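Engineer: Mind looking over this structure? Questions follow.
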Amino acid sequence: MNKIEVKNVDFYYGNFQALKNISLEIEENKVVAFIGPSGCGKSTFIRIFNRMNDLIPETHLTGTVNIDGIDIYQKGTNVDALRKKVGMVFQRPNPFPKSIFDNVAYGLYVNGIKDKKYIKQKVEESLQGAALWDEVKDELKKSAFALSGGQQQRLCIARALAISPSILLMDEPASALDPISTAKIEELIWELKKTYTIVIVTHNMQQAARISDKTAYFYLGEMIEYDDTKIIFTNPKKESTQNYITGRFG
Amino acid sequence: MKRFIEKIIQGMLTVSGFVTSIVILLIVLFLFTEGAGLFSKPKVEDGYEIVLNKKNDINTLSAEQIKDMFDDKITNWNEVGGKNQDIVLFRLNDITNYFAEEELGEQLEHVPAKISELISQHEEIIGFIPQEYIKNDFAGKRLDMGNIKFKDVFFGKEWIPTATPISFFGILPLITGTLWVSLVAILIALPFGVAAAIYLAEIANHKIRDILKPVIELLSGIPSVVYGFFGLIVIVPLVQNIFHLPVGETGLTGSIVLAIMALPTIITVSEDAMRNCPRSMREASLALGGSKWQTIFKIVIPYSASGITSAIVLGIGRAVGETMAVLMVTGNSAIIATGILQPLRTIPATIAAELGEAPDGGVHYQALFLLGIILFLITQIINSSVEYVSAKNKL
């Protein structure tokens, strides 16, 4: 069954059309990478899945976006509940100015969970899931800002995992990190794939090739091509895709 | 040439920096030397002495007892531990009741001798006499009252700076007045200010904010005397009617006026702080399923806590130091207020009201400087304690 189904989506910032008639399906427990040059709309697109674009004034969307068969843009949708189901990791590590523990527990607190024992267990699980537990288990009370950039980003992943989402959106999660941290994050994505459906935006084509099952190539607000990653990177059907992945522009 | 100009500019900046710092230090020093002078002044009005008959058993009298005697509240010596005799008060201008003008001499040259004679003849007398009329052969008993003491000022419950023969410079009523007014003002202003800041920073849309913000900032440009006038005309009758008071000029009135005055500062500073909370923090909170309000209360406000605390400090600073408006609406009675609905008087209002009538260099004048020091110290303590707290809160 398809986890996410997008049908004929147009998206506007005021009068500017950022996404043009996009349709695609994402299967459960797959990693899908969005690639494309800057300004092609891939970040706008990923933020549609948890309605993060709602925060920007004067934007609107037409078409339908179904997650688990339910249109998330229909009237009366509980956006907070949607965001609990669709976790997100941002481009730059953005931990809260709180302790490591409180950062991970935050999502549980705001979703009304008060059971301390459960929270403690969930924090540990999430940190383990984000491959950070061994590094921070003795200093959970320390400020999250004391961590390195790569650790902070894994903390943000742990924070997203804590609320048990079924989909994980990652908007260029490794672009602000050094190669070693990047490698760790990629390894982590491999692991997470077993339990989550992952949508990742990346600028780094090698990264897309390494970690994703399917790849969508965006250009100027249009989805040019969407196929198995292997095909996109070895035998793309469109010339524009070919040009981009061979580094002729972008 | 360019380097030469840069050197000159650097020199000018250094000089102006130094000059300003030194001027500020000198002002503080001036304040302290003037204020500290108070403690080397005698309790009895400068240049006067309290004298008794030698046969009187009393050797010491407290300032309060002397005041009560001259106010006719104590009329018998046995009330202060002496014999059962009515007290006879003697001030210099009473001398004509006892002696004819001729007896005092054309140049009043016989006055010292006559006073001495008078005091030695009347056992029940207490005299308040200029020192110049007390010669070495004075036949009475001179009471040594000593200088104004630290505890008379800091624990004194009465502020009567122009009384004779003894003035009281107890600052407790003024400090309690200041604290009452400032505290209540902040209690009123803080919730409104922070609420308005949250509204402006998080809820209002661009258009409303663009109209509201300049209006709020305009409020801080209104002179305080205008606020005082407004308070006098509008809030004084309001408070009087609501609480059924004999007079509407109370601490609460001052607090309300001060709260209105402190609002613009609190709103603009805390709104700026909230808007400085990065978008990425809000997004992270929302992306975890936090609602808008959870994001505001758990992320935005804690993040801008140090900004909000500095807004509070600025507000308190304004409240503690504000003079004119408070002077106009609080009723200015220097008694220790036990409630906010009583007339009271603040430190700055006291300085403003009394400095004009205090003789240069006199006790009263120095006492007002001491008040200035206390005000300075109070604001310093508030500033540094809040700085300490907000530095601790910062991650």
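Engineer: I need A:Thr182, B:Thr96, B:Thr330 ordered by Cβ neighbour count within 10 Å, fewest first. Mind showing how you got there, number by number?
Structural biologist: Details: A:Thr182 18, B:Thr96 11, B:Thr330 30.
Going from least to most buried by this count: B:Thr96, A:Thr182, B:Thr330.
Engineer: Full extension from A:Asp115 to A:Ile70: what is 0.36 nm times the residue separation minus their Cα-Cα distance, to one decimal in nm? Display every interim value, and only then the final one.
Structural biologist: Values: separation 45, 0.36 × 45 = 16.20 nm, distance 3.05 nm.
Answer, rounded to one decimal: 13.2 nm.
Engineer: Still on this structure, I have one more. Please list, or write none, the lysines whose alpha carbon is within less than 27 Å of the alpha carbon of B:Lys135, excluding same-chain residues fewer than 8 places away.
Structural biologist: Filter leaves B:Lys41, B:Lys43, B:Lys54, B:Lys55, B:Lys67, B:Lys114.
Engineer: To the nearest 0.05, what FRET efficiency results for A:Phe16 and B:Phe243 with a Förster distance of 60 Å applied to their C-beta separation? Don't skip to the answer; put the middle values down first.
Structural biologist: On the way: r = 59 Å, r/R0 = 0.99.
The calculated FRET efficiency here is 0.50.
Engineer: Right, something else. Can you give the longest stretch of chain B with no exposed loop site, where a site means trypsin sites (Lys or Arg not before Pro) in a DSSP loop (not H, G, I, E or B) with at most 15 other C-beta atoms within 10 Å? Working shown, then result.
Structural biologist: Working: sites that count: B:Lys54, B:Lys55, B:Lys73, B:Lys83, B:Lys135, B:Lys149, B:Lys157, B:Lys394.
Within chain B, the longest run free of exposed trypsin sites (Lys or Arg not before Pro) spans B:158-393.
Engineer: Still on this structure, please answer the following. Filter chain B for me: DSSP H helices, axial length by Cα at least 27 angstrom, mean Kyte-Doolittle hydropathy not below 0.5. List them by residue number. Each step should come with its number before you reach the end.
Structural biologist: On the way: long enough: B:2-36 (51 Å, 1.43); B:172-198 (38 Å, 2.15); B:251-275 (34 Å, 1.18); B:363-393 (45 Å, 1.05).
In chain B, the long hydrophobic H runs are B:2-36, B:172-198, B:251-275, B:363-393.
Engineer: Under a point spin-label approximation (7 Å from Cα along Cα-to-Cβ), what is the B:Val15-B:Asp57 distance to one decimal in nm?
Structural biologist: In this crude label model, B:Val15 to B:Asp57 measures out at 7.4 nm.
Engineer: What ranking of A:Ser175, B:Ser21, B:Ser310 emerges when the number of other C-beta atoms within 10 Å of each C-beta is taken as an exposure proxy, fewest first?
Structural biologist: Values: A:Ser175 15, B:Ser21 10, B:Ser310 20.
Ascending number of Cβ neighbours within 10 Å: B:Ser21, A:Ser175, B:Ser310.
Engineer: What length, rounded to one decimal in nm, is gained on full extension from B:Gln85 through to B:Gln131, with 0.36 nm per residue of separation minus their alpha-carbon distance?
Structural biologist: Numbers: separation 46, 0.36 × 46 = 16.56 nm, distance 2.64 nm.
That pair, B:Gln85 and B:Gln131, stretches by 13.9 nm at full extension.
Engineer: Quote to one decimal, in nm, the extra length available between B:Lys149 and B:Gln121 on full extension: 0.36 nm per residue of separation minus the C-alpha distance between them. Walk me through the numbers on the way to the answer.
Structural biologist: Values: separation 28, 0.36 × 28 = 10.08 nm, distance 3.36 nm.
So the chain would gain 6.7 nm between B:Lys149 and B:Gln121.
Engineer: Which of A:Leu169, A:Leu127, A:Leu147 moves the most in a Gaussian network model of chain A with Cα springs under 10 Å?
Structural biologist: A:Leu147
Engineer: Another question about this same structure. Grab the beta carbon distance between B:Lys157 and B:Ile8, set R0 = 56 Å, and tell me the FRET efficiency rounded to 0.05. Let's see the in-between values first.
Structural biologist: Numbers: r = 59 Å, r/R0 = 1.05.
Working from the Cβ atoms, E equals 0.45.
Engineer: Now, a different point. For peptide A:93-103, what's the mean number of Cβ atoms from other chains within 10 Å of each residue's Cβ? Each step should come with its number before you reach the end.
Structural biologist: On the way: counts 2, 9, 4, 9, 9, 5, 1, 0, 0, 1, 1.
Partner-chain Cβ atoms within 10 Å, mean over residues of A:93-103: 4.
Engineer: Report, in whole Å, the centroid distance computed from the Cα atoms of the range A:207-250 and the range B:116-148.
Structural biologist: The range A:207-250 and the range B:116-148 have Cα centres separated by 110 Å.
Engineer: Return a whole-number percent for the relative contact order of chain A, with Cα pairs under 8 Å and 6 or more residues apart as the contact set.
Structural biologist: On the way: 469 pairs, mean separation 70.0, N = 250.
Reported as a whole number, the value is 28 percent.
Engineer: What does the charge count around B:Gln131 come to, taking other residues whose C-beta lies under 11 Å from its C-beta (Lys +1, Arg +1, Asp -1, Glu -1)? Please report the intermediate quantities before stating the final value.
Structural biologist: On the way: positive: B:Lys135, B:Arg142; negative: B:Glu45, B:Asp46, B:Glu49, B:Glu132.
Surrounding charge for B:Gln131 is -2.
Engineer: Turning to a different aspect of this structure: Quick one: Cα centre-to-centre distance for the range B:314-359 and the range A:1-40, in angstrom?
Structural biologist: 66
Engineer: While we're here: What is the sum of charges around B:Phe99, taking Lys and Arg as +1, Asp and Glu as -1, for the other residues whose C-beta is under 11 Å from the C-beta of B:Phe99? If you can, show how the numbers build up before the last one.
Structural biologist: Details: positive: B:Lys114; negative: B:Asp94, B:Glu101, B:Glu102, B:Glu103, B:Glu117.
That works out to -4.
Engineer: Span-like helices, chain A: DSSP H, alpha-carbon axial extent 30 Å or more, mean Kyte-Doolittle 0.0 or greater, which ones?
Structural biologist: Values: long enough: none.
Correct list, ordered by number: empty.
Engineer: Okay, moving on. Identify all lysines with a Cα-Cα distance to A:Lys7 below 26 Å; exclude those on the same chain that are fewer than 8 residues away in sequence.
Structural biologist: Those lysines meeting the cut-off are A:Lys20, A:Lys30, A:Lys42, A:Lys75, A:Lys84, A:Lys85, A:Lys193, A:Lys214, A:Lys230, A:Lys237, A:Lys238.
Engineer: Note down the net charge around A:Ser23, summing +1 for each Lys or Arg and -1 for each Asp or Glu among other residues with Cβ under 9 Å from its Cβ.
Structural biologist: Working: positive: A:Lys7; negative: A:Glu5, A:Glu25.
Local net charge: -1.
Engineer: Modelling each spin label as a point 7 Å along the Cα-to-Cβ direction, I'd like the B:Ser384/B:Phe192 distance in nm, to one decimal.
Structural biologist: 3.3
Engineer: Tell me, what is the FRET efficiency for B:Ala139 and B:Asp68 to the nearest 0.05, using R0 = 41 angstrom and their Cβ-Cβ distance as r? Don't skip to the end; give the middle numbers.
Structural biologist: Values: r = 26 Å, r/R0 = 0.64.
E(calc), rounded to 0.05, equals 0.95.
Where a number appears in this text, it was derived from the coordinates with a stated rule and is not lab data. Given the structure is predicted, the values throughout are model-derived calculations rather than measurements. Positions of Cβ are generated from backbone atoms using ideal geometry, with glycine treated the same way; all protein chains shown enter the neighbour counts.
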